[in-house]
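What follows draws every value from the coordinates through simple rules; no lab data is involved. In this text, all values refer to a predicted model and were calculated from it rather than measured experimentally.
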Amino acid sequence: MGSGFYQVVATALQSLSSRLLPAQCALCGGACAQVLCAPCRAQYLGQLRPRCRRCANPLDDVSTLCGRCLRHPPAYDATVTAADYAAPVDQLLLQLKFGARLALAPLFAQLLVDAVQQQTEWQAPQWLCPVPLGPARLAERGFNQALEIARPLARALAIPLLPRLAIRVRDTRAQSALEPRKRQANLVRAFVVAPEHAARVRGGHVGIVDDVMSSGHTADALAAAFKRHGAARVTILVMARTPPH
Ligand SMILES: [Zn+2]
Ligand SMILES: [Zn+2]
């Protein structure tokens, strides 16, 4: 048996223990029955700031779109996020993705629901779908962190979840290993709409769920795939957004 097998077993055990024993706060390590203690949650999460309605980058003034979206509108129409991807919230996202601490996913979903409720011009998508992982990455990790967030989020928002609405047709190389310009080229045509769902996407409003949005190229490539299939509107729901440097 290869190391892949042991990794799958280790991931399964880790996720099982984190589901059964959320006895420690994921940030401060203090004893608590929840995944995050109340002081940490109050200190680091739930403080919403003005953001571009389209890409969720922070805005200083009261305009609703950032300069970048005005100059080069992305394929998606709106983005909702719960937090900046910055310390110490980034640690929570890394614990979900690489530590298989799946108990964090319902917390992220709840924070996203709070963010949705703050939107003044929220338009509910007709379906939610996670950013799909390629088969190799899914086999390696054992779960899709975007789907883990999308499940409780769909329940809370009462929006149907279509986990396989989109398919990743190319296992793109780890995006973080590439320089920015190559990242975008790497993602072009990485996604397609599942043939059995193509008819319903036409004219519809799709919601895409992910854990982190950095450059936005992944969200843009997936949104572009939906728009190619005739989607009228695409909304991104992402737990954390990397602020522009
Ligand atoms: Zn804490
Ligand atoms: Zn923007």
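By definition, a body whose alpha carbon gyration tensor gives a ≥ b ≥ c is oblate when a/c is 1.5 or more and a/b is not larger than b/c, and the stretch 16-152 fits this oblate description. Rounded to the nearest 5, what is the percent of antiparallel bridges among the DSSP beta bridges in the chain? The antiparallel proportion sits near 20 percent. Per the Debye formula with a single identical scatterer at each Cα and no solvent contribution, what log10 I(q)/I(0) holds for the stretch 72-166 at q = 0.23 Å⁻¹? Scattering profile of the stretch 72-166, log10 relative to I(0): -1.37. Evaluating 6.51 cos²θ - 1.76 cosθ + 1.60 at θ = phi - 60° for every residue in the stretch 187-192, the Karplus couplings come out as 9, 4, 6, 7, 10, 9 Hz, glycine and proline recorded as x. What the phi angles of the stretch 44-50 give under the Karplus curve with 6.51, -1.76 and 1.60, with θ = phi - 60°, is a coupling list of 10, 10, x, 9, 8, 10, x Hz, glycine and proline written as x. Across all directions, the average projected area of the convex hull around the alpha carbons of the chain is 13.9 nm². Computed from backbone phi, the HN-Hα couplings of the stretch 90-101 come to 4, 4, 5, 5, 5, 5, 5, 6, 9, x, 6, 7 Hz, rounded to whole numbers (Karplus: 6.51 cos²θ - 1.76 cosθ + 1.60, θ = phi - 60°; Gly and Pro given as x).
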